[in-house]
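Trainee: Take a look at the following structure, please.
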């Protein structure tokens, strides 16, 4: 479905479906950030209350972890979003 990290092919290699009409725009990014904030941020607050790490250590752990999870989820969410767009048009 994707030829790069988030760049979709022009059409499906199996069914010749045109992917250019399925513009996901910013929707997948909002959904991925919302999911990460909903599930990951509470764990950071719990860790802060239970262990009270120094501020620099909390940033060193939380920022790369949050970015990694968002970047890992983004292609999956974009594929699902494009599937939902396709289903809503048929």
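The values are calculated or read from the model by the stated rules, or taken from the named source; none is laboratory data. Computed from a predicted model, the values in this text were never measured in an experiment. Note that each Cβ is placed from the backbone with ideal geometry, even for glycine, and that neighbours are counted across all protein chains shown.
Trainee: Condition first: exposed (fewer than 13 other Cβ atoms within 10 Å of the Cβ) and farther than 13 Å from residue 82 by Cβ. Now tell me which residues in the range 11-31 satisfy that.
Mentor: Scanning the range 11-31 gives 13, 14, 15, 16, 26, 30.
Trainee: Hey, could you check the range 51-83 for residues that are surrounded by 14 or more Cβ atoms within 10 Å (Cβ to Cβ) and farther than 21 Å from residue 28 by Cβ and say which is farthest from the chain's Cα centre (by Cα)?
Mentor: Filtering first and then ranking leaves 53.
Trainee: Is one or more of the residues making up the range 32-41 exposed (fewer than 14 other Cβ atoms within 10 Å of the Cβ) and either in a strand (DSSP E or B) or at pLDDT below 90 (or both)?
Mentor: yes
Trainee: Given the conditions (1) more than 30 Å from residue 86 (Cβ to Cβ); (2) part of a helix (DSSP H, G or I), which single one is not true for residue 53?
Mentor: (2)
Trainee: Would the range 14-33 turn up any residue that is without any contact (Cβ under 8 Å) to a residue 60 or more places away in the chain and farther than 24 Å from residue 89 by Cβ?
Mentor: yes
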